[in-house]
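Heads up, the thing below is written out as structure tokens.
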Protein chains: 2
Amino acid sequence: MSPQVQGIGLDRVLEPDGALPQAAQRLDDSPEIAPDEVRVAVHRLNLDAASFRQLATKHGGDGAAVRREVLEIVAARGKMQNPVTGSGGMLVGVVDEVGPESPLGLAVGDRVATLVSLSLTPLRITDGLAGWDGRSEQVPAAGHAILFGRSIAAVLPDDLPGELAMAVLDVCGAPALTDRVVRGYDAPTVAVVGGAGKSGSMSLAAARRAGARTVGVVPVEAEAGLLREAGLADAVALADARDPVALASAVEQALGRPADVTVVCVDVPGCEHGAILATAEGGTVIFFSMATSFSAAALGAEGLAADVTMLIGNGYLPGHAELALDLLRTEPAVRKLFERRLAAEAG
Amino acid sequence: MSPQVQGIGLDRVLEPDGALPQAAQRLDDSPEIAPDEVRVAVHRLNLDAASFRQLATKHGGDGAAVRREVLEIVAARGKMQNPVTGSGGMLVGVVDEVGPESPLGLAVGDRVATLVSLSLTPLRITDGLAGWDGRSEQVPAAGHAILFGRSIAAVLPDDLPGELAMAVLDVCGAPALTDRVVRGYDAPTVAVVGGAGKSGSMSLAAARRAGARTVGVVPVEAEAGLLREAGLADAVALADARDPVALASAVEQALGRPADVTVVCVDVPGCEHGAILATAEGGTVIFFSMATSFSAAALGAEGLAADVTMLIGNGYLPGHAELALDLLRTEPAVRKLFERRLAAEAG
């Protein structure tokens, strides 16, 4: 096998032949590990929001039916991948066994969160999810999961509440890529569309630390107030990101010129043209929203004769977890925004 | 109006209010030009392949019906934008009038091809398309079209047949972006997936000129033969781009290591994971295929823990037309491949 395709779990794919674990119909969930694998004792699953919403809607809020279907999916597929949305989530657990050739640097007893999706992680549930009422994305669970050589897991820090650390790790790709891109410009301006959200506030903090003058763009006054109070951005602008002229004008007015880097963190369709139009010639747009349309972005830039670099937001960069946790620890405003969101979700 | 939103045709949008010309339902096609506009006397439309296929299929190959619908679309919308596919095409014509503030550098009498889509170009047809049988994407036509301040048009060169120049200009974004990205690496390796096609062969030529060692990947032996004979790539590899392991292994075997830059030029869905897996850590994937799925790329890179930069191929870069025409003139192998494809299309 060529080195490039090792450590990605190909030996765990049962069907179809030759598929990668994420695309596979069924994975081998057996507890015996290969030399480069790690086994984790599962404590909690964190279902992807889109996946949980689909299940809850399908079963009309019947928690027992939702639980039954999650158990059926995991038993049938050897992983928790919603067959309709295709999405998974993440999990928290404790390292149980480490193969002698694992490159992940984990030790038995480490409390970890997986940063690769549940949709490609071999998983077996052993407690029938008895501790879960099927009414929340947070799923207490017992069982085991397998990490591959090239999987990603973060050791949960002792100094932060578990939920807070998980919420930060869930979006840690955004500040890391923002940091890398912003450092490529000299005294840049940065616009973060959806700046009051989790990935948005992290991106604003990362951009400012990387030397940028920033504007956070939000759709409603309530979010603008939150963001102003937090003091995370040099300016706060109100605009509907689906209205290209409104978005571009708001960014230009707030910054005094277009943005060198525009970061799209808002999960609504139709923000591509506004983001392109708000960006200076030679600038970069980073699309983190899963609602981004590839063709709308490609054709939009061509139609506007816009010489902008357009990046598909990659959730992985070396050091991304450390950078995000460091931002949380050192920027009180970020921590406050996250705690407020977590409280609102719990309420 | 803020400078950032000038020259993009907002004053030509009749409905809905605030839309960009591409998203607009209807444009103002009147011949009177604003100070930064240019009017072109239309000689020929070149319908987008997807658009023409949709129309031909809908009307069961009835050319008269296809022609009638194209006339209806242009009359109703003030532009040739297929309401089903959303796509347009390009046009060839002669510059008729140049506004005193037009930045495009065109002169009355210039024979030009538009490099922005027909889907955002104000257009009026005056000859009922009498010279067209409705059975081909090439549409002889009379009428006028309007170029905005920030539109893009290339003066057609005298030394090349019109059809050949048009075919090259249609894909000129690919070699330009490939050139820019490849020059950011030191002695790089480049894989072009779909290397025997128009944008693929151009990208191979651009990559080699920019200093890369290249492999062209094609799905069938017939195309491999063509590409080997042309000598455009340092190596030729056979692989199904939808099979991630096969693609990554073929690239790694041909180059001796993964590709620093992978260029996806093949218009089939499901090539995202293979392209990511074929690319070295720190490398770049450029997606030019409109069949690219944003979420498949984003989730794929994360699932593979791949530190690769993923670019949405932008059809516009300053100087893109000149670079592509120069490649055609100076690389006999590129010209031969293009002429062969044009002959095949002509049947």
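The values are calculated or read from the model by the stated rules, or taken from the named source; none is laboratory data. Nothing here was measured: the structure is a model prediction, and the numbers come from that model. Ideal geometry is used to build each Cβ from the backbone, glycine not excepted, and the neighbour counts take in all protein chains shown. Side chains included, ligands, DNA and RNA excluded: accessible areas come from the protein's heavy atoms. Shrake-Rupley method; radii C 1.70, N 1.55, O 1.52, S 1.80 Å.
Here are the numbers for the structure shown:
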read-out: Beta bridges by DSSP in the protein assembly as shown, antiparallel share as percent, to the nearest 5; value: 55 percent
read-out: Cβ crowding within 10 Å averaged over residues, with B:29-40, A:44-55 ranked highest first; value: A:44-55, B:29-40
read-out: Per-residue average of Cβ from other chains inside 10 Å of B:284-291; value: 2
read-out: For the protein assembly as shown: Kirkwood Rh in Å [reciprocal of mean 1/r, alpha carbons]; value: 26.7 Å
read-out: Simple label model, 7 Å out from Cα along Cβ direction - A:Gln6 to B:Asp127, nm; value: 6.5 nm
read-out: Inter-label distance for B:Asp326 and A:Asp28, nm, one decimal - labels placed 7 Å from Cα along Cα-to-Cβ; value: 5.4 nm
read-out: Amide H contacts under 5 Å for B:Ala237, placed H, 5+ residues apart; value: B:Gly216, B:Val217, B:Val218
read-out: Å² per residue, accessible surface of the protein assembly as shown at 1.4 Å; value: 37 Å²
read-out: ³J(HN,Hα), Karplus 6.51/-1.76/1.60, whole Hz, each residue of the range B:177-182, x for Gly, Pro; value: 6, 4, 4, 5, 5, 4
read-out: B:Cys271 - accessible surface, heavy atoms, 1.4 Å probe, Å² rounded to 10; value: 10 Å²
read-out: Sulfur and carbon atoms: percent of accessible area, the range B:142-277 [1.4 Å]; value: 50 percent
read-out: Difference of contour (0.36 nm per residue) and Cα-Cα distance, A:Ala76 to A:Asp62; value: 2.9 nm
read-out: Lysines whose Cα lies under 23 Å from that of B:Lys336, excluding same-chain neighbours fewer than 8 positions away; value: B:Lys198
read-out: Inter-chain Cβ neighbour average for residues A:2-12, partner chain, 10 Å; value: 5
read-out: Under 5 Å, built H, 5+ apart or other chain: amide partners of A:Thr121; value: A:Met80
read-out: For A:Ile152, distant residues with modelled amide H under 5 Å away; value: A:Leu115, A:Val116
read-out: In sequence order, calculated HN-Hα J values of the range A:118-134 (Karplus, 6.51, -1.76, 1.60; Hz; x Gly/Pro); value: 4, 5, 10, 9, x, 8, 10, 9, 10, 10, x, 6, 4, x, 10, 8, x
read-out: Nearby aspartates and glutamates by direct alpha-carbon distance to A:Lys79 (threshold 14 angstrom, same-chain neighbours under 8 apart not counted); value: A:Glu15, A:Asp28, A:Asp29, A:Asp48, A:Glu69
read-out: Mean separation of Cα contacts under 8 Å (6+ apart) over length of the range B:114-155, as relative contact order %; value: 51 percent
read-out: Distances in nm from A:Glu97 to the matching label points in the other copies, shortest first (labels 7 Å along Cα to Cβ); value: 8.2
read-out: With Cα atoms, 0 to 90° folded angle of helix B:221-230 axis to chain B main axis; value: 90 degrees
read-out: Copies compared at A:Ala49 - label distances in nm, ascending, label defined 7 Å from Cα in the Cβ direction; value: 3.9
read-out: Average beta-carbon neighbours from other chains, 10 Å sphere, peptide A:271-277; value: 2
read-out: For the range B:157-264, projected area of the alpha-carbon convex hull averaged over all directions, nm²; value: 6.9 nm²
read-out: Per-copy distances of the B:Ser2 label point, shortest first, in nm (7 angstrom along Cα→Cβ); value: 4.6
read-out: Total accessible area lost when B and A pair, probe 1.4 Å, Å² to nearest 100; value: 4700 Å²
read-out: Phi-based couplings in Hz for the range A:284-298 (Karplus 6.51, -1.76, 1.60; Gly and Pro marked x); value: 10, 10, 10, 9, 9, 6, 6, 7, 5, 9, 4, 6, 4, 5, 5
read-out: Cα gyration tensor shape for the range A:14-164, rounded if a/c is under 1.5, else prolate or oblate; value: oblate
read-out: Chain B: angle of helix B:332-346 to the longest principal axis, Cα-based, in degrees nearest 10; value: 60 degrees
read-out: Normalised contact order of the range A:241-326, rounded percent, pairs of Cα under 8 Å and 6 or more residues apart; value: 27 percent
read-out: Nearest beta-carbon to the A/B symmetry axis - residue in chain A, distance in Å; value: A:Phe294, 2
read-out: Fraction of beta bridges assigned by DSSP in chain B that are antiparallel (%, nearest 5); value: 55 percent
read-out: Theoretical ellipticity at 222 nm over chain A - DSSP helices of four or more residues, -39500 (n - 2.57) apiece, nearest 500; value: -10500 deg cm²/dmol
read-out: Extent along principal axes [Cα atoms of chain A; Å; largest to smallest]; value: 59, 49, 38
read-out: Whole-number percent relative contact order across chain A, with pairs defined as alpha carbons under 8 Å at least 6 apart; value: 14 percent
